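The values are calculated or read from the model by the stated rules, or taken from the named source; none is laboratory data. All values derive from a computational prediction rather than experimental measurement. Methodologically, a virtual Cβ is constructed for each residue, glycine included, from the backbone with ideal geometry; neighbour enumeration extends over all protein chains shown.
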Amino acid sequence: MRRRLLILAAPGALAACGFQLRQAPDFAFDSIYIGAADSSALGHELRRSMASGGKVRVVAPAQIDSAQVLLDVLQEQREKVVVGLNSSGEVREFQLRLRFRFKLRGRDGKELIPSTEILQQRDISFSESAVLAKEAEEALLYRDMQTDIVQQLMRRLAAVRAV
């Protein structure tokens with residue numbers, strides 16, 4: 001009997017504390033133009049994420065005049081920096097960075113989000129004997145950073161209220 005009571009009380013306790021599952025973002029605009037290069041993997045993932053909700057239409061470059069807001073991608077840069085060497089001077093550790101700088105403006109040119117940079121970084125060890133595996137791990141880490149940046153960007157775009 002006590003077990004059943006505890007099982008029934010758990011959802012009530014979670015609801016009372018304000019717990020709520022993350023929902024799809026609610027945007028203040030209906031259409032957006034994303035000014036990322038066609039070859040950009042981050043731009044492609046961002047376009048897919050924006051269109052997946054169904055509420056916001058991603059506008060093609062030919063129809064840029066119909067977009068309510070314009071997302072200007074100012075910089076998208078991948079960096080690989082040596083952060084550790086062994087006693088013989090060989091690379092032991094790298095730091096991978098993905099920088100994304102953007103700004104959001106309305107159709108009239110009014111800045112809704114000024115120039116902002118999102119930076120993700122990950123550390124990766126390096127081994128001469130496992131070069132192919134480390135390359136695959138590096139690609140996976142870049143993809144993970146890219147997904148994190150897209151999620152952060154979606155939350156920032158959802159925070160815009162006046163268009």
Pairs with Cβ under 8 Å, 6+ apart, first in the range 123-143 and of a type in the set (Val, Ile, Thr), second in a helix (DSSP H, G or I) and surrounded by 15 or more Cβ atoms within 10 Å (Cβ to Cβ): ILE124/LYS134; ILE124/GLU137; ILE124/GLU138; ILE124/LEU141
Residue among GLU90, GLU79, GLU117 that is of a type outside the set (Lys, Arg) and at pLDDT below 95: GLU90
Members of the range 108-122 that are touching a residue at least 24 places away in the same chain (Cβ under 8 Å) and either over 26 Å from ARG161 (Cα atoms) or not charged (D, E, K, R) (or both): LEU112, ILE113, SER115, THR116, ILE118, GLN120, GLN121, ARG122
Among (1) surrounded by 12 or more Cβ atoms within 10 Å (Cβ to Cβ); (2) within 24 Å of ASP26 (Cβ to Cβ); (3) in contact (Cβ under 8 Å) with a residue 60 or more places away in the chain, the one test that ARG105 misses: (3)
Residue in the range 129-150 that is farthest from GLU117 (Cα to Cα), counting only those that are of a type in the set (S, T, N, Q) and touching a helix residue (DSSP H, G or I) at 6+ places or on another chain (Cβ under 8 Å): THR147
Test: ILE64 is aliphatic (A, V, I, L, M), within 17 Å of ARG155 (Cα to Cα), surrounded by 12 or more Cβ atoms within 10 Å (Cβ to Cβ) and in contact with a strand residue (DSSP E or B) (Cβ under 6 Å, 6 or more places away or on another chain): no
Residue that is modelled with the highest pLDDT, among those in the range 126-163 that are of a type in the set (Lys, Arg) and within 20 Å of ARG48 (Cβ to Cβ): ARG143
Search result, residues across the range 120-156 that are farther than 18 Å from LEU98 by Cα and in contact with a Lys or Arg (Cβ under 7 Å, 6 or more places away or on another chain): PHE126, SER127
